[in-house]
Amino acid sequence: MESITKLYKIGNGPSSSHTMGPSRAATIFKAKYSNAEKFRVTLFGSLSLTGKGHLTDVAIYGILGQEKTEILWSSEFKERHPNALFFEALNGDGLILGTWLVYSIGGGEIVDDNSQPTEKENIYPHTKMKDILDWCRETGRTYWEYVEMHEQPDFWDYLRDVWDVMRTTVEQGLEQDGVLPGGLGLQRKAASYYAKALAYKDSLRGRAMAFAYALATAEENASCGKVVTAPTCGSAGVLPAILYHAHKAHGHTDKNILKALATAGLIGNIVKENASISGAEVGCQGEIGVACSMAAGAANQIFGGSIFQIEYAAEMGLEHHLGSTCDPVRGLVQVPCIERCAFAATRAFDCNMYALMSDGQHLVSFDKVVRVMKETGHDLPSLYKETSEGGLAIESCN
């Protein structure tokens, strides 16, 4: 597996696969053909069907220039991945200087037909939770220590930047109001949820605050604000909500938060390596499901869980999102994405509590759920995988 720094990417929303990935691909292609007079980009599959709502065209124009770039939209699905882009560089006479077929595979990562993810460097000796869990048991260490052993010396500095962005995004989101862009007329809710949460008694305040914090980040993402992929932009509200709540309500230090981020990143990395974090490939279970799993494991560590309880919490977070469809209304990362971030945050707390009350022993392992998630995702029809051709995306238009 590669570095966790490749999972946590800092950038602008609303989508890691539809905005960050294409933007990165356009940057690479432009650098290679800097002498091109014009560009033509064909978007395929999910990128075409929900690209306008996800601002894929805006992201590409921002790199290549709108006046010199033509974008074509094709509903064809390429075999390797449903998020495909075909770049063409042209000279002044319209002759093609070069082409590149590239895939945006989720979390801002891109690949082409001749490569694995660009700049991928495997630094972890294990790819399965069981093997890492066995190592932790044998050495007496925990997950964040395993991560620390294999990452670069500046890893904690990077996680500190990640935490700073997460915290800032939550706080900015809590101060905003008004209507989200995109045409749905969707009002921001984070500020009002936060105000109401302050009036609740302690027994309800924690969950209400988690709602507000998750909404704050998800709404900032929907407004193209700066977020951290955790593991994606569409699911970016879940983990920050858990960490911010642990920090504000329970007084956990930045050092503890960074350790939790390391553990959460490891959980997300395992899923990314063995299945997918792309809604276009496996549905929302790969985004919100994985985010809930990461947040549940992080919360369990923060609140004193053992390595076995952390694995159990992470397993439940993913298991109970199996089969979740990705059916964004009008292709926007708003409905049902924003609410899902809020509900997944509180579900992560529930998974944490359930695991803490147990001894950590359970029948279905994390690795088994990851395999099932991949199989389930591949069995889902394409209309439920970020194409806006089925589910809520259709019903909401009737």
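The values are calculated or read from the model by the stated rules, or taken from the named source; none is laboratory data. Because the structure is predicted, anything quoted here is derived from the model rather than measured. Neighbour counts run over all protein chains shown; Cβ positions are idealised from the backbone, glycine included. Only protein heavy atoms, including side chains, enter the accessible area calculation; ligands, DNA and RNA are left aside. Shrake-Rupley method; radii C 1.70, N 1.55, O 1.52, S 1.80 Å.
Considering region 244-268 alone, what residues qualify as being out of contact with any Leu (no Cβ under 7 Å at 6 or more places or on another chain) and closer than 21 Å to Leu215 by Cα?
Those that are out of contact with any Leu (no Cβ under 7 Å at 6 or more places or on another chain) and closer than 21 Å to Leu215 by Cα: Tyr244, His245, Ala246, His247, Lys248, Ala249, His250.
Checking Leu363 against (1) touching a residue at least 24 places away in the same chain (Cβ under 8 Å); (2) part of a loop (DSSP other than H, G, I, E, B), which test does it fail?
For Leu363, the failing item is (1).
Scan Leu90, Leu85, Leu55 and give me the residue that is of a type in the set (A, V, I, L, M, F, W, C), touching a His at 6+ places or on another chain (Cβ under 8 Å) and crowded, with 18+ Cβ neighbours inside 10 Å.
Exactly one residue qualifies, and that residue is Leu55.
Glu79: part of a loop (DSSP other than H, G, I, E, B) and without any contact (Cβ under 8 Å) to a residue 12 or more places away in the chain, yes or no?
Spelling it out, Glu79 is indeed part of a loop (DSSP other than H, G, I, E, B) and without any contact (Cβ under 8 Å) to a residue 12 or more places away in the chain.
Please pick out the residue among Asp327, Asp359, Asp367 that is among the acidic types (Asp, Glu), in contact with a helix residue (DSSP H, G or I) (Cβ under 8 Å, 6 or more places away or on another chain) and surrounded by fewer than 17 Cβ atoms within 10 Å (Cβ to Cβ).
Checking each option against the conditions leaves just Asp359.
Pick out the one residue from Ile4, Ile10 that is under 23 Å from the mean Cα position of the chain (by Cα), under 29 Å from Leu266 (Cα atoms), open to solvent by 60 Å² or more (accessible area, probe 1.4 Å) and touching a residue at least 40 places away in the same chain (Cβ under 8 Å).
Ile10
Sort out which residues of region 20-46 are outside any strand (DSSP E or B), open to solvent by less than 20 Å² (accessible area, probe 1.4 Å) and touching a helix residue (DSSP H, G or I) at 6+ places or on another chain (Cβ under 6 Å), and write them in order of number.
Pro22, Ala26, Ser46
Tell me which helices (runs of 4 or more DSSP H) are completely within region 210-319 and hold 2 or more residues being of a type in the set (Lys, Arg), on the phi > 0 side of the Ramachandran plot and buried (at least 24 other Cβ atoms within 10 Å of the Cβ), or say none if there are none.
Output list is empty.
Here are Tyr124, Tyr146: which of them is closer than 17 Å to Ala262 by Cα, part of a helix (DSSP H, G or I) and of a type outside the set (Asp, Glu)?
Going through Tyr124, Tyr146 in turn, the sole match is Tyr146.
Restricting to region 121-141, name every residue that is among the polar types (S, T, N, Q) and either crowded, with 18+ Cβ neighbours inside 10 Å or within 24 Å of the chain's Cα centre (by Cα) (or both).
Asn122, Thr127
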